[in-house]
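Heads up: the structure comes next, in structure tokens.
The values are calculated or read from the model by the stated rules, or taken from the named source; none is laboratory data. Everything numeric here is computed off the predicted structure, so don't read it as measured data. Note: ideal-geometry Cβ built from the backbone for every residue, glycine included; neighbour counts use all protein chains shown. Ligands, DNA and RNA are excluded from the accessible area calculation, which covers all protein heavy atoms including side chains. Shrake-Rupley method; radii C 1.70, N 1.55, O 1.52, S 1.80 Å.
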Amino acid sequence: MNNFSLRRLQYFVVVAEELHFRRAADRLGVSQPPLSMAINTLEQELGAVLFERTRRTVSLTPAGHRLLVDARKILAAIDDAAYAVKRTA
């Protein structure tokens, strides 16, 4: 079982939406090197390359596209659970 963090999953989604590490870092309010390290760690944990990177572009690999679909569902489920708990309390 992989033990990737919620934060890395959130970082992944923002990079996937921006397709640009600097803009994603700005949006997240973090610096670019830790963001890049978090994405590299996530790729290592999953054993899959999630982004194709060139000097000028970033794009999702097929594995990245698949993770994006699942990551959005996971993050939405977490938000829904938190809302339900607050409503119940």
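Quick notes on this one:
- Cut-off under 5 Å, modelled amide H: who pairs with residue 51 long-range: 61
- The residues 41, 61, sorted by heavy-atom accessible surface at 1.4 Å with ligands and nucleic acids left out, run 41, 61 from largest to smallest.
- Inter-label distance, residue 55 to residue 26: 2.2 nm, where each label sits 7 Å from its Cα along the C-beta direction.
- Whole-number percent relative contact order across the chain, with pairs defined as alpha carbons under 8 Å at least 6 apart: 28
- With N counted as the residues of region 1-47, its alpha-carbon radius of gyration over 2.2 N^0.38 Å works out to 1.06.
- With both labels modelled 7 Å from their Cα along Cα-to-Cβ, the residue 82 to residue 6 distance reads 0.6 nm.
- Largest accessible area first, the listed residues 13, 69 line up as 69, 13 when surface is computed with a 1.4 Å probe on the assembled protein chains.
- On Cα atoms only, tilt of 62-88 relative to the major axis of the chain in degrees: 20
- Taking each DSSP H run with n ≥ 4 as -39500 (n - 2.57) and averaging over every residue of the chain yields -23500 deg cm²/dmol at 222 nm.
- Whole-number D in µm²/s for the chain (Stokes-Einstein; Kirkwood sum over Cα pairs; 25 °C, 0.890 mPa s): 179
- Label-point separation, residue 18 to residue 70 (7 Å along Cα→Cβ), nm: 2.4
- Note on surface exposure: 55, 22, 8, 87 rank 55, 87, 22, 8 by accessible area, highest first, 1.4 Å probe.
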